[in-house]
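Engineer: Once you've had a glance at the structure underneath, I'll fire off some questions.
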Amino acid sequence: MTDTDSIKDDIAYVRAVAERTGPGHVPAIYVLWAVICLCGFPLVDLVGPGSGLIGIYWLTAGPVGGLVTWWLAARAGVRDGQADRRTGKRWAGHFVGFFGVGLLGCLLAATGELSWSGLSSLWILLLALTYFLAGLHLDRRLMPVSLILAAGYLFTLYLPEYRFTTAGVLVAVALVVQGIRGTRERHGTD
């Protein structure tokens, strides 16, 4: 075997291992966002869609949750030997983009173009799209959560009572299930 063939074999091996590895899995991140959603979604039903408490909650829980997510992911990346700043920046940019578009959506309600209840539903729809795109481009485990979010969006439009609470419970359950599934998949391949 020539040196070139040996190098090609080595590169093929490394590539195969990297492709099998996939993105890291941190169940605590799924649980964190499940708790945040389980507390935040029902606020719309409890205090009313136009309440400033909803904005205060999400303007606090969103960034704090994002920072805790970053910390958990960075710690897991170092622990697993898969620390990748570029991937971290893609994740951050993806969800910061969601948050920015959602804030711009608030102008629709502030100018009267959309009701506050409609804005809450719009945020869930944007989150469904954000999770779908994250599932498509970053981590397939988020794809089922995006489908549950889309169903939650529909519930916020058509259920007569406890619309946002129902959506929040469904999303929280979906996140926890995906966190557990990811852990089982990881342990099944170790």
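The values are calculated or read from the model by the stated rules, or taken from the named source; none is laboratory data. Bear in mind the structure is a predicted one, so any value in this text is a computation, not a measurement. Neighbour counts are summed over all protein chains in view; Cβ atoms, including those assigned to glycine, are modelled from backbone coordinates with ideal geometry. All accessible areas refer to the heavy atoms of the entire protein, side chains included, with ligands and DNA or RNA removed. Shrake-Rupley method; radii C 1.70, N 1.55, O 1.52, S 1.80 Å.
Engineer: Name the residues in segment 64-84 that are closer than 23 Å to LEU136 by Cα and not in a helix (DSSP H, G or I), would you?
Structural biologist: Once the filter is applied, which keeps residues that are closer than 23 Å to LEU136 by Cα and not in a helix (DSSP H, G or I), segment 64-84 yields GLN82, ALA83, ASP84.
Engineer: While we're on this one: All but one of (1) charged (D, E, K, R); (2) modelled with pLDDT of 90 or more; (3) in a helix (DSSP H, G or I) hold for GLU113; state the number of the condition that does not hold.
Structural biologist: (3)
Engineer: Given the criterion closer than 17 Å to CYS37 by Cα, at pLDDT 90 or above and surrounded by 18 or more Cβ atoms within 10 Å (Cβ to Cβ), identify the matching residue among LEU122, LEU129, LEU59.
Structural biologist: On the way: LEU129 fails: surrounded by 18 or more Cβ atoms within 10 Å (Cβ to Cβ); LEU59 fails: surrounded by 18 or more Cβ atoms within 10 Å (Cβ to Cβ).
One residue alone meets the criteria, LEU122.
Engineer: Name the pairs: first residue in segment 155-179 and surrounded by fewer than 17 Cβ atoms within 10 Å (Cβ to Cβ), second residue part of a helix (DSSP H, G or I) and not β-branched (Val, Ile, Thr), Cβ to Cβ under 7 Å, at least 6 apart or on different chains?
Structural biologist: Close Cβ pairs (under 7 Å, with a partner that is part of a helix (DSSP H, G or I) and not β-branched (Val, Ile, Thr)) amount to LEU157/SER121; TYR162/ASP45.
Engineer: Within segment 81-94, is there a residue that is surrounded by 13 or more Cβ atoms within 10 Å (Cβ to Cβ), among the hydroxyl-bearing types (Ser, Thr, Tyr) and at pLDDT 85 or above?
Structural biologist: Checked against the condition, which is being surrounded by 13 or more Cβ atoms within 10 Å (Cβ to Cβ), among the hydroxyl-bearing types (Ser, Thr, Tyr) and at pLDDT 85 or above, segment 81-94 yields no hits at all.
Engineer: Is one or more of the residues making up segment 40-50 open to solvent by less than 50 Å² (accessible area, probe 1.4 Å), at positive phi and part of a loop (DSSP other than H, G, I, E, B)?
Structural biologist: The answer is yes, given that some residue of segment 40-50 is open to solvent by less than 50 Å² (accessible area, probe 1.4 Å), at positive phi and part of a loop (DSSP other than H, G, I, E, B).
Engineer: Quick one: THR87 ticks every box in (1) over 18 Å from HIS137 (Cα atoms); (2) in contact (Cβ under 8 Å) with a residue 60 or more places away in the chain bar one, so which box is it?
Structural biologist: Every listed condition holds for THR87 apart from (1).
Engineer: In segment 136-154, what residues are open to solvent by less than 70 Å² (accessible area, probe 1.4 Å) and more than 19 Å from GLY40 (Cα to Cα)?
Structural biologist: Looking only at segment 136-154, we keep the residues that are open to solvent by less than 70 Å² (accessible area, probe 1.4 Å), and these are 138-139, 141-146, 148-153.
Answer for segment 136-154, where residues must be open to solvent by less than 70 Å² (accessible area, probe 1.4 Å) and more than 19 Å from GLY40 (Cα to Cα): LEU138, ASP139, ARG141, LEU142, MET143, PRO144.
Engineer: Looking at the structure I just gave you, is PHE132 closer than 25 Å to PRO63 by Cβ and not in a loop (DSSP other than H, G, I, E, B)?
Structural biologist: Criteria met by PHE132.
Engineer: Now for a different question. Tell me the residue from THR130, THR111 that is under 22 Å from GLY48 (Cβ atoms), free of Cβ contacts under 8 Å to residues at least 40 places away in the same chain and among the polar types (S, T, N, Q), please.
Structural biologist: When all the criteria are applied, what remains is THR111.
Engineer: The conditions are (1) closer than 30 Å to GLY50 by Cβ; (2) in contact (Cβ under 8 Å) with a residue 60 or more places away in the chain, and VAL145 fails exactly one of them. Which is it?
Structural biologist: In the conditions (1) closer than 30 Å to GLY50 by Cβ; (2) in contact (Cβ under 8 Å) with a residue 60 or more places away in the chain, VAL145 misses (2) alone.
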